[in-house]
Amino acid sequence: MSMHLWIIPLLPLAGAAINGLLGKRFPKALVNTIALGSTGAAFAYALWVAAQFLALPADQIPYLETYGTWMSTGNFSVHWGFWLDQLSFVMLLVVTGVGFVIHIFSVGYMAEEGGYYRYFSYLNLFMFFMLMLILADNYLQMFVGWEGVGLVSYLLVGFWFTKVSAANAGKKAFITNRVGDFGFLIALFLLIKHFSTLEYAGVFKAVAPFAPEASAGLLTAIALLMLVGATGKSAQIPLYVWLPDAMEGPTPVSALIHAATMVTAGVYMVARSNPIFSRAPVALEAVAVIGTLTAIFAASIGLVQNDIKKVLAYSTISQLGYMFMGCGVLAYSAGIFHLMTHAFFKGCLFLCSGSIIHGLSGEQDMRFMGGLRKYMPWTFWCMTSATIAIAGLPPFAAFFSKDAILWSTWSSGQHLLWLIGIIAAGMTSFYMFRLWFLTFWGEYRGPNPAGGGHGHDADAHQAQDAHATSGAHGHGTPHESPWVMVLPLVILAILSFVGGWIGVPESMHGPDTFNRFLAPVFTTYAPAGIAHAVMSEGAGGIAAESSSELAFSLISVGVAAFGLFLAWYFYYKRKDLPAKLAASAGGLYRLVLDKYRIDELYGAVIIQPLIKFSSVVLWQGIDVKLIDAGVDNAAHGAEEVSDGMRHMQSGNIRSYAGWVAVGATVIIAFMVWRGLR
Amino acid sequence: MVPLSYYLVLSAVLFACGVAGFLIKRNIITIFLSIELMLNGVNLTFVAFAAQLKSLDGHIFVFFVMVVAAAEAAVGLAIIIAVFRTRETLNVDRVNLLKL
């Protein structure tokens, strides 16, 4: 029986094509119908596929569909095909489900924006490429999706392309990703060279005989290069710099692409390639270390940012770091679990911030918010749910997923990484509740407030105004968003609440459904010694360890509660303290506020030299002086020669005849000379 | 029997006369006649070799050349008349509109 998986990605593609090619003339209602209809249909079909998949016997998983050869050369060939196993199953539901919800939200958020059809066309196109990425049954097809989502990310970050900062952010996102893609491509070339195949099944079978590499070898090289690709797409150190800038895009885009789905593609790729990574301990170590460092690094920047979306952006980077941390200690399923819950709560957080920005007519600076609890009760409650979820308080989603990662890190012996991770968790709790207190509690600090306003720099306000292009929000006071925006918030808030319950570990007397469900993906091709490790960590550990796992959960909760307390103390109880603290910290505060000046560092070390080299050597040297000059000189030379030669064409027939005679004489003389010789 | 070389020398002389006339003369009709002279010089060579080698190929070539020469004469004279009508001269040195 065939499930016709191809329908799922093709539906959004059709929507993108119709809206993109014809949408300019459509009324908004029709654009909505096409965009939401195609995505909704894809989600509905994915649900049907999910039901079919769950009924499949275990020996038919992964379920494969092949449609024909894409290219064939020598002994290497690639076909079009889809691969559905437990991992892509989870991704499929997350992408189509969260994607559909965010499409709904966009209808409200983008209602007054220009380029409405263009926006939805891009969004549908993104769904298509993302589905290609997660459903592919070979690395090349995955790469198509991988590049495609990068392209759409570029298009949507630069959606307000008349704004220079947005256009630059789009370029930055694309170019930074290209650096990572380069690594990924080389990994693919290595796979082709050594295994002559890019199909998952073929590659996994080919690496199966390898034992885990004690020192760096072929698989380590491949895994590390894949990691380079993943750091680009998933915004990890050192290629994370594009994600905060990507917040220039519309907020639903930040929610869908830069929080819930696309940026998790790197985690998905690492988890998908687990047979390779599990055999390359050095690369795994790198994954774990990069993830952990990113987690704390981004969290520390998030502590002091004032732009609500920037806080969430650094939070996303930090949470992605956790996912890599989980994958790096062989707890792939914990990483994917966190990926899923993160899609819920971070999607919700971004949409809530979108709702706030919408309600405040484009204000993004938290210093001009406050007291919104009264004005936007729905947004407040949804944001509360998601904030508690990301902070890791039980029984919300991230408590289970983040804890699974931290516990796996500890039990795999990476105690230092665990320590860093738990500190980052405290920071997460602090900056999220800081955001929560700053936006929803206290008095409203924006313009035209209900009860007396505090003045602020109008220019700064303008600069922050993402809606500057529309200028259509004529509202003075904050207001709740329309139901079409609130409904998605509620759905995601509920998911942030209950989403973790499918992964309650055995130590808490839960069935541990999620790990058990995903386990086949990570054990089938795992090397002998590691299959056990994956299972024992993934499945919640041995009974003797379950009590200590519980104890570690308590530590996490304690840290999160401490973060909550600090945020409450600083931003609710003693509001004068943060400013004093910032003043006394002085330079350090400036440094963190300026994001450790990493952008400036990259600018000085890489970008400026590159621009210098390009403009002085490549442009003025090679292009102008070599290529252009060569072409020009060739043309001038031809002109000179022709100018001399044209005197032969006198128009005098007898002189032509003379030339003919001379030519004939020369030829005859030559022949005679040849004959005599 | 006249030796072959006689014919060849005669045809070379004819051809040389034609070339000289073509290069020296200014009157377009004379130039035209010079061309005919060159053609016939070549024709003579052909028939001389044909007779020598007892082959018909040379004769057939000559017929072709004569047919082409006749056609050329028709077209050429027509062109000459057309040129004379517009330029009112037969001096080729003054028919030089094609120069740069």
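The values are calculated or read from the model by the stated rules, or taken from the named source; none is laboratory data. This is a predicted model, so every value here is computed, not measured. Virtual Cβ from ideal backbone geometry, glycine too; neighbours counted across all protein chains shown.
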Filtering region B:85-100 down to residues that are away from every other protein chain (no Cβ under 14 Å), assigned to a helix (DSSP H, G or I) and modelled with pLDDT under 90 yields B:Thr86
Subset of region A:644-667 [more than 22 Å from B:Ile31 (Cβ to Cβ), among the aliphatic types (A, V, I, L, M) and within 12 Å of chain B (Cβ to nearest Cβ)]: A:Met645
Residue among A:Pro505, A:Pro511, A:Pro527 that is modelled with pLDDT under 85 and either surrounded by 20 or more Cβ atoms within 10 Å (Cβ to Cβ) or in contact with a strand residue (DSSP E or B) (Cβ under 6 Å, 6 or more places away or on another chain) (or both): A:Pro505
Among (1) under 24 Å from A:Ala206 (Cα atoms); (2) surrounded by fewer than 23 Cβ atoms within 10 Å (Cβ to Cβ), which single condition is A:Met142 missing? (2)
Enumeration of residues in region A:275-296 that are polar (S, T, N, Q) and in contact with a Ser or Thr (Cβ under 9 Å, 6 or more places away or on another chain): A:Thr292, A:Thr294
Residue list for region A:632-677, restricted to those being part of a helix (DSSP H, G or I) and of a type in the set (Ser, Thr, Tyr): A:Ser642, A:Ser655, A:Tyr656, A:Thr665
Would you check if A:Val641 is surrounded by 10 or more Cβ atoms within 10 Å (Cβ to Cβ) and away from every other protein chain (no Cβ under 14 Å)? yes
Can you pull out the residues in region A:97-121 that are of a type in the set (Ser, Thr, Tyr) and either under 15 Å from A:Ser254 (Cα atoms) or touching a Pro at 6+ places or on another chain (Cβ under 9 Å) (or both)? A:Ser106, A:Tyr109, A:Tyr119
Residues in region A:596-609: is at least one hydroxyl-bearing (Ser, Thr, Tyr), at pLDDT 85 or above, buried (at least 17 other Cβ atoms within 10 Å of the Cβ) and assigned to a helix (DSSP H, G or I)? no
Have a look at A:Leu626, A:Leu618, A:Leu591, A:Leu550 and point out the one that is exposed (fewer than 12 other Cβ atoms within 10 Å of the Cβ) and either without any contact (Cβ under 8 Å) to a residue 12 or more places away in the chain or among the hydrophobic types (A, V, I, L, M, F, W, C) (or both). A:Leu626
Give just the number: which of (1) within 21 Å of A:Tyr200 (Cβ to Cβ); (2) at pLDDT below 80 does A:Ala539 not satisfy? (1)
Which listed residue, of B:Ser11, B:Ser55, is away from every other protein chain (no Cβ under 14 Å), farther than 27 Å from A:Gln649 by Cβ and part of a loop (DSSP other than H, G, I, E, B): B:Ser55
Could you check region A:24-140 for helices (runs of 4 or more DSSP H) lying wholly inside it with 3 or more residues that are out of contact with any helix residue (DSSP H, G or I) (no Cβ under 7 Å at 6 or more places or on another chain) and over 24 Å from A:Leu487 (Cβ atoms)? A:28-54
On the basis of being in contact with a Leu (Cβ under 9 Å, 6 or more places away or on another chain) and of a type in the set (A, V, I, L, M), does A:Leu36 make the cut? no
Could you please find all residues in region B:29-40 being more than 12 Å from chain A (Cβ to nearest Cβ) and within 18 Å of B:Met66 (Cα to Cα)? B:Leu33, B:Glu36, B:Leu37, B:Leu39, B:Asn40
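From the list A:Ala561, A:Ala657, which residue is more than 36 Å from the chain's Cα centre (by Cα) and not charged (D, E, K, R)?
On inspection, the qualifying residue turns out to be A:Ala657.
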Might you check whether a residue that is farther than 25 Å from A:Phe105 by Cα and surrounded by fewer than 24 Cβ atoms within 10 Å (Cβ to Cβ) occurs anywhere in region A:150-163? no
Under 6 Å between Cβ atoms, at least 6 apart or on separate chains: pull out the pairs that start in region A:490-504 with a residue that is part of a helix (DSSP H, G or I) and end on any residue that is β-branched (Val, Ile, Thr) and surrounded by fewer than 21 Cβ atoms within 10 Å (Cβ to Cβ). A:Ile502/A:Thr513
Have a look at A:Ala424, A:Ala472 and point out the one that is modelled with pLDDT under 90, on the phi < 0 side of the Ramachandran plot and not aromatic (Phe, Trp, Tyr). A:Ala472
Report yes if some residue within region A:614-628 is within 30 Å of A:Val311 (Cβ to Cβ) and out of contact with any helix residue (DSSP H, G or I) (no Cβ under 6 Å at 6 or more places or on another chain); otherwise report no. no
Mind listing whichever residues of region A:479-501 are in contact with a Phe, Trp or Tyr (Cβ under 8 Å, 6 or more places away or on another chain) and closer than 18 Å to A:Ile390 by Cβ? A:Pro488, A:Leu489, A:Val490, A:Leu492, A:Ala493, A:Leu495, A:Ser496, A:Phe497, A:Gly499, A:Gly500, A:Trp501
For the structure I just gave you, tell me whether B:Ile60 is at pLDDT 90 or above, out of contact with any strand residue (DSSP E or B) (no Cβ under 9 Å at 6 or more places or on another chain), within 26 Å of B:Asn40 (Cβ to Cβ) and within 14 Å of chain A (Cβ to nearest Cβ). no
Please find, among A:Leu92, A:Leu36, A:Leu84, the residue that is in contact with a Pro (Cβ under 8 Å, 6 or more places away or on another chain) and buried (at least 18 other Cβ atoms within 10 Å of the Cβ). A:Leu84
Considering only region B:19-28, I want to know if a residue exists there that is touching an Asp or Glu at 6+ places or on another chain (Cβ under 7 Å), within 14 Å of chain A (Cβ to nearest Cβ) and not in a helix (DSSP H, G or I). yes
With B:Ala16, B:Ala48, B:Ala73 as the choices, which residue is away from every other protein chain (no Cβ under 13 Å), over 16 Å from A:Ile653 (Cα atoms) and surrounded by fewer than 17 Cβ atoms within 10 Å (Cβ to Cβ)? B:Ala73
Answer yes or no: is there a residue in region A:610-627 that is more than 10 Å from every other protein chain (Cβ to nearest Cβ) and either in contact with a His (Cβ under 7 Å, 6 or more places away or on another chain) or under 25 Å from B:Ala20 (Cβ atoms) (or both). no
Every residue from region A:144-159 that is part of a helix (DSSP H, G or I) and small (Gly, Ala, Ser): A:Gly145, A:Gly148, A:Gly150, A:Ser153
Hey, can you tell me all the residues within region A:45-84 that are aromatic (Phe, Trp, Tyr) and modelled with pLDDT of 90 or more? A:Tyr45, A:Trp48, A:Phe53, A:Tyr63, A:Tyr67, A:Trp70, A:Trp80, A:Phe82, A:Trp83
